[in-house]
2 protein chains.
Amino acid sequence: MRKSIATVSVSGTLTEKLEAIAAAGFDGVEIFENDLLACPLSPEEVRARAADLGLGIDLYQPFRDFEAVPADVLAGSLRRAERKFQVMRRLGADLLLVCSNVSPAAIGDDELAAEQLRLLAERAAEYGVRIAYEALAWGRHVNEYLHAWRVVRMADHPNLGTCLDSFHILSRGSDPIGIEAIPGEKIFFLQLADAPLLAMDVLQWSRHYRCFPGQGNFDLAGLTASVLRTGYAGPLSLEVFNDVFRQASTERTALDGMRSLIALEQSLDGLSHPAVPAGFAFAELADTGTLGGLLTALGFARTGVHASKPVELWSQGEARLLLNARDQVADPALVAIGLDSPDPGGAVKHAGALLSPVLPRERAPEDAPLDAIAAPDGTEIFFCDTAWLADFGPGAAIPGRITHIDHVALTQPLHYFDEAALFYRSVLGLRPQESLELPDPYGLLRSKAMSAPDGAVRMVVNIAHVGAGQQPWQHLALACDDVVAVARRLRAEHPDLLLPIPDNYYDDLEARYEVDPELRRLGVLYDRDGAGGEFLHLYTVTAGRVFFELVQRLGGYQGYGAGNAPIRLAVQHAGA
Amino acid sequence: MRKSIATVSVSGTLTEKLEAIAAAGFDGVEIFENDLLACPLSPEEVRARAADLGLGIDLYQPFRDFEAVPADVLAGSLRRAERKFQVMRRLGADLLLVCSNVSPAAIGDDELAAEQLRLLAERAAEYGVRIAYEALAWGRHVNEYLHAWRVVRMADHPNLGTCLDSFHILSRGSDPIGIEAIPGEKIFFLQLADAPLLAMDVLQWSRHYRCFPGQGNFDLAGLTASVLRTGYAGPLSLEVFNDVFRQASTERTALDGMRSLIALEQSLDGLSHPAVPAGFAFAELADTGTLGGLLTALGFARTGVHASKPVELWSQGEARLLLNARDQVADPALVAIGLDSPDPGGAVKHAGALLSPVLPRERAPEDAPLDAIAAPDGTEIFFCDTAWLADFGPGAAIPGRITHIDHVALTQPLHYFDEAALFYRSVLGLRPQESLELPDPYGLLRSKAMSAPDGAVRMVVNIAHVGAGQQPWQHLALACDDVVAVARRLRAEHPDLLLPIPDNYYDDLEARYEVDPELRRLGVLYDRDGAGGEFLHLYTVTAGRVFFELVQRLGGYQGYGAGNAPIRLAVQHAGA
């Protein structure tokens, strides 16, 4: 399907926007009027620039507060419209978005609205322009899409149709099934935006918090499917107003928008995700020689060395860590994760189709092939079958209290939180699980957990607030079958490795729950969910950018001990 | 009155918070429980630290979801409460805030609530603790302050009183006059927070957007006056949850909080503001030798030189600009403004009482005394009578189209927008006029205008978004009696000095209004308000950090042409 995007959805000057939108592979654009007004290029020059870039101008928008007005106002509005038709002719745009009137002067009279819109459509026809009439969610009288369609029907002019906007429909809780009652040829345009569910004034919600399909909570696939069933053959066009996107990289946002439409299209085509990863194959850490001691203390042993690279395999149970002696890193850091994949080649192909950077692999001829992509924060993600292990020789598995990798927490660059949500959802097939704002001493940390349906792969994406200049910490959570036993041993043998937990935390914990006093002595944190599931966890001190968490889930606990994160963050900041 | 602040209101670790709070001059603190839980100091150590700093611990908070629960839940809650009483004894705190229950398990039964709160008060009494029961605006059954007071009255225990919180009262639109029905000795605590009027879920509004008194839209003085009429003798205590304050400097936020309470107290004492400035005496620009030419082009002439400093006076009508040949600046910048003050000494004294930095003046014995303070962005503000002019010799006034300084626009440092609002309101007596979010190509710019009631002094405070790395532009708007005439001359003689305005802007302007086509030729922008007032304005190109705007107000127009600002910003960014 043709893919389009409104210029307001990305940052930059109009020229920068058009270039980035073309580079991302879009077929067309909606020219948002303010972008044109502030542009030094004439409409003819904009038209030529878009054509050079291979972009059609699919829509000019918005034209506001037109219909259902007193006669004396109408004359001025028609004059205003004719000027716009002239600009559109110069621009080579033949579709104008008219939003439902929000002015207090508007009259609640559908017949009047229809009559005036018919007049507008007649004038438009003289310029070869068509009018797409849209119900704004906060329109004064017309604010439901079926109401806008009723007015269009009453006006009955070939140059007048309706524009559907997923935000305006879904933010009001309207059922999009009614779309199927509209003939496809009368749907002149389809604008798509997702949004997180927020309890706020719909105008503010719309103007500041829209996001790309798959980044929010709306069912865009369902709505789009309804539109397509009408026979609609126009573009899928993104129209997003987002404070963060306005500040982000033009190119990166445009690419992310395209990814969202490809993912939407895949879901419409009934293309299933490639098999969701079945678990963590490994996590790879860039080492500066300091991690071996820490891993030994945690009960890991070096069970192999890569045949051709300076990489060691450290194992315990099914938890496998690669220590990579890269000499270019200043501090230990998590640089890659391996995912057990039923179809590594298919997974990379799927990721590539979703515009994820596929990484070139340098490997010796005898090494196992490993396919990798880059996650939005730059962490490498490998899709593995079991062949890769052979590169590390015939090391035996080391049993221990640590059984496997529970989750990996990465820090996403500022401005790209929504991008990460879409990436993990569309590329890896993980589901959004928990979204939180956690206070640390110097701000709020946004955090989103994504997990495979069976919980075998869990990723947590954090984004730090602005201005604290804090380390983008990463962490690796290792599942234990008895975290208290591990804590006992560590406390006895390596007390300096454990992050100290304030006694005050335990005063509160013991006020809330009857917990074993040993937790306090050992520095083990505790959480309980509403269904009685329990979470026991502890943290190591940080080594460079990275720290380890040992976790034990009991009784079906699915969370991450979020209530304890502020305690952990405060202690880490105090020590940083 | 005693002044207190909740530790949650400022950033940092608990120790950092206490130090900054004491340094700002507060008498006491509310210990927010999470700050204690994350703190490595024992309650005894926190108590000692606070005492060393001269801070009392006026409240421990919050204790949640206690009252009106089934009997089996009650036992656990009482056990939890006793643990808190023990912590409070160690902390030396004797007042506990209990918020109304928000749990779905809570029962809508005032008698049950009262009975259980009485039980809690009895237990508290054994520890010497008193309970302050507060209606959260989103409490499940109790969410109005008079409802909380009814429950307290029914419980009838000397250790149980109510806590009033201005946010919870005013956010619901409750009339605070009912407070006067509560005996002062039963108001155990008063928490103060202001907030901007936002149409959003009250919980989110409360948790993220509170601000200090005088920074928002609530009538804190009226509410506080009602509380004081009851005979309440406890502290005025700030309790603010604000995402930006969480990221800002601990010391600066604490100081700003204290300023807000001093200003509140002044208004309660009926202390009027010192006379509001009557106009701009001058604006001072650090010059690198480039501004003289620009000013000459604008019709200014050098009318004097300072007797003892490398400062020139340039005049036109009542617009007076000082060019200061400071050799330490790299680019021209606006460094100071002079305000015509009926009582310069009193104005500085007032500013000092509000914790504004009073600047030491270096001057030769023969110079006129000039009293100055620093605005939050570092700009120096001088309070002047007319004596200062004598330092520049007997220059004659130069008549011209430019008549006076209309307004000055400064860029406030990130995180300190609310601080600026409070500063200009409390220190200078300006009134908030217009608050906007303006799109520029790389984000949204927040802007707030503040003006003297008669419009003789107008300040605009802008704050740039994060990440654009843009110049913190400042600008000086000069009033003209005929901006079109000035534009004609400039266009003819100095076309390169004018910021070019895109033709597309005029296509839209002429679609909306019947304006003189000459505006397009001259690059003059236009705005009209709802009452027919008109605004004509144009901009010069920037010189360093600074640019000039020429403005003409017609028909009582009071705004700043905000609708045109995105055009101006886009052109400036394109040229930056």
Failed condition for B:HIS415, given (1) modelled with pLDDT under 90; (2) farther than 25 Å from B:ALA263 by Cβ: (2)
Since A:ASP454 meets every condition but one in (1) of a type outside the set (A, V, I, L, M, F, W, C); (2) more than 14 Å from every other protein chain (Cβ to nearest Cβ); (3) part of a strand (DSSP E or B), which condition does it not meet? (3)
Quick one: A:LEU78 ticks every box in (1) within 14 Å of chain B (Cβ to nearest Cβ); (2) of a type in the set (A, V, I, L, M); (3) buried (at least 22 other Cβ atoms within 10 Å of the Cβ) bar one, so which box is it? (3)
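Taking segment A:535-556 as the search range and keeping residues that are aliphatic (A, V, I, L, M) and surrounded by 19 or more Cβ atoms within 10 Å (Cβ to Cβ), which one is farthest from A:LEU490 (Cα to Cα)? If you could, list the steps in order and put the result at the bottom.
Quick first cut of segment A:535-556, residues aliphatic (A, V, I, L, M) only: A:536, A:538, A:541, A:543, A:546, A:550-551, A:554.
Right, trim to surrounded by 19 or more Cβ atoms within 10 Å (Cβ to Cβ) and you get A:536, A:538, A:543, A:546, A:550-551.
Details: A:LEU536: 15, A:LEU538: 11, A:ALA543: 17, A:VAL546: 19, A:LEU550: 11, A:VAL551: 14 Å.
Here the residue is A:VAL546.
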Please enumerate the residues belonging to segment B:342-387 that are in a loop (DSSP other than H, G, I, E, B), over 18 Å from B:TYR424 (Cα atoms) and small (Gly, Ala, Ser). B:ALA364, B:ALA368
Within segment B:386-415, which residues are touching a helix residue (DSSP H, G or I) at 6+ places or on another chain (Cβ under 7 Å) and within 14 Å of chain A (Cβ to nearest Cβ)? B:HIS415
When segment A:227-264 is checked residue by residue, the ones that are more than 13 Å from chain B (Cβ to nearest Cβ), in a helix (DSSP H, G or I) and under 21 Å from A:ILE31 (Cβ atoms) are A:GLU251, A:ALA254, A:LEU255, A:ASP256, A:GLY257, A:MET258, A:SER260, A:LEU261
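Does A:LEU339 meet the test of being within 19 Å of A:ALA543 (Cβ to Cβ), at pLDDT 90 or above and either touching a helix residue (DSSP H, G or I) at 6+ places or on another chain (Cβ under 9 Å) or not in a loop (DSSP other than H, G, I, E, B) (or both)? Show your work before the answer.
Values: within 19 Å of A:ALA543 (Cβ to Cβ): no; at pLDDT 90 or above: yes; either touching a helix residue (DSSP H, G or I) at 6+ places or on another chain (Cβ under 9 Å) or not in a loop (DSSP other than H, G, I, E, B) (or both): yes.
Taking the combined requirement at face value, the residue does not satisfy it.
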Can you list the helices (runs of 4 or more DSSP H) found entirely within segment A:94-194 that contain at least 1 residues being at pLDDT 95 or above and touching a His at 6+ places or on another chain (Cβ under 9 Å)? A:110-126, A:145-155
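Going by what's in this entry, would A:GLN116 be described as within 29 Å of the chain's Cα centre (by Cα) and surrounded by 22 or more Cβ atoms within 10 Å (Cβ to Cβ)? I'd like the intermediate steps shown before the answer.
Details: within 29 Å of the chain's Cα centre (by Cα): no; surrounded by 22 or more Cβ atoms within 10 Å (Cβ to Cβ): yes.
When the stated conditions are applied, A:GLN116 does not pass them.
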Out of B:SER341, B:SER435, B:SER451, which single residue is buried (at least 18 other Cβ atoms within 10 Å of the Cβ) and either within 15 Å of the chain's Cα centre (by Cα) or in the same structural domain as B:ILE262 (by TED's automatic domain parsing) (or both)? B:SER451
Looking at B:GLN204 and the list (1) in contact with a Phe, Trp or Tyr (Cβ under 8 Å, 6 or more places away or on another chain); (2) within 14 Å of chain A (Cβ to nearest Cβ); (3) under 27 Å from B:ALA248 (Cα atoms), which single condition is not satisfied? (1)
Taking segment B:17-61 on its own, how many of its residues are within 13 Å of chain A (Cβ to nearest Cβ), touching a residue at least 40 places away in the same chain (Cβ under 8 Å) and surrounded by fewer than 22 Cβ atoms within 10 Å (Cβ to Cβ)? 3
What is the residue count in segment A:122-151 for residues that are surrounded by 22 or more Cβ atoms within 10 Å (Cβ to Cβ), among the acidic types (Asp, Glu) and more than 16 Å from A:SER103 (Cα to Cα)? 0
Across segment B:260-278, what is the total count of residues that are crowded, with 16+ Cβ neighbours inside 10 Å and within 30 Å of B:THR386 (Cα to Cα)? 7
Would you confirm whether or not segment B:66-74 contains a residue that is more than 28 Å from B:LEU228 (Cα to Cα), surrounded by 20 or more Cβ atoms within 10 Å (Cβ to Cβ) and within 14 Å of chain A (Cβ to nearest Cβ)? yes
In segment A:312-327, how many residues are surrounded by fewer than 19 Cβ atoms within 10 Å (Cβ to Cβ) and without any contact (Cβ under 8 Å) to a residue 40 or more places away in the chain? 2
For segment A:481-505, give me each residue that is in a loop (DSSP other than H, G, I, E, B) and within 11 Å of another protein chain (Cβ to nearest Cβ). A:PRO500, A:ILE501, A:PRO502
Answer residue from segment B:86-109, given it is in contact with a Phe, Trp or Tyr (Cβ under 9 Å, 6 or more places away or on another chain), farther than 28 Å from B:GLU144 by Cβ and not β-branched (Val, Ile, Thr) and is surrounded by the most Cβ atoms within 10 Å (Cβ to Cβ) among those: B:LEU91
What strands (runs of 3 or more DSSP E) completely inside segment A:1-88 contain at least 3 residues that are in contact with a helix residue (DSSP H, G or I) (Cβ under 7 Å, 6 or more places away or on another chain) and either within 30 Å of A:SER356 (Cα to Cα) or basic (Lys, Arg) (or both)? A:28-32
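State yes or no: is B:LEU550 within 14 Å of another protein chain (Cβ to nearest Cβ) and under 24 Å from B:ASP331 (Cβ atoms)? Don't jump to the end; show me each part of the working.
Values: within 14 Å of another protein chain (Cβ to nearest Cβ): no; under 24 Å from B:ASP331 (Cβ atoms): yes.
Judged against the criteria, B:LEU550 is not a match.
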Is it the case that B:ASP508 is within 14 Å of chain A (Cβ to nearest Cβ), more than 30 Å from B:SER426 (Cα to Cα), touching a Pro at 6+ places or on another chain (Cβ under 9 Å) and without any contact (Cβ under 8 Å) to a residue 24 or more places away in the chain? no
What is the one condition in (1) surrounded by fewer than 23 Cβ atoms within 10 Å (Cβ to Cβ); (2) in contact (Cβ under 8 Å) with a residue 40 or more places away in the chain; (3) closer than 20 Å to B:ALA353 by Cα that B:GLN215 does not satisfy? (1)
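Looking at B:GLY532, is it free of Cβ contacts under 8 Å to residues at least 40 places away in the same chain, out of contact with any Ser or Thr (no Cβ under 7 Å at 6 or more places or on another chain) and more than 14 Å from chain A (Cβ to nearest Cβ)? Don't jump to the end; show me each part of the working.
Working: free of Cβ contacts under 8 Å to residues at least 40 places away in the same chain: yes; out of contact with any Ser or Thr (no Cβ under 7 Å at 6 or more places or on another chain): yes; more than 14 Å from chain A (Cβ to nearest Cβ): yes.
Spelling it out, B:GLY532 is indeed free of Cβ contacts under 8 Å to residues at least 40 places away in the same chain, out of contact with any Ser or Thr (no Cβ under 7 Å at 6 or more places or on another chain) and more than 14 Å from chain A (Cβ to nearest Cβ).
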Could you list, in sequence order, all residues of segment A:195-205 that are farther than 27 Å from A:ARG259 by Cα, in a loop (DSSP other than H, G, I, E, B) and aliphatic (A, V, I, L, M)? A:ALA199
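The values are calculated or read from the model by the stated rules, or taken from the named source; none is laboratory data. Given the structure is predicted, the values throughout are model-derived calculations rather than measurements. Every residue, glycine as well, gets a Cβ built from its backbone with ideal geometry; the counts of neighbours run over all protein chains shown.
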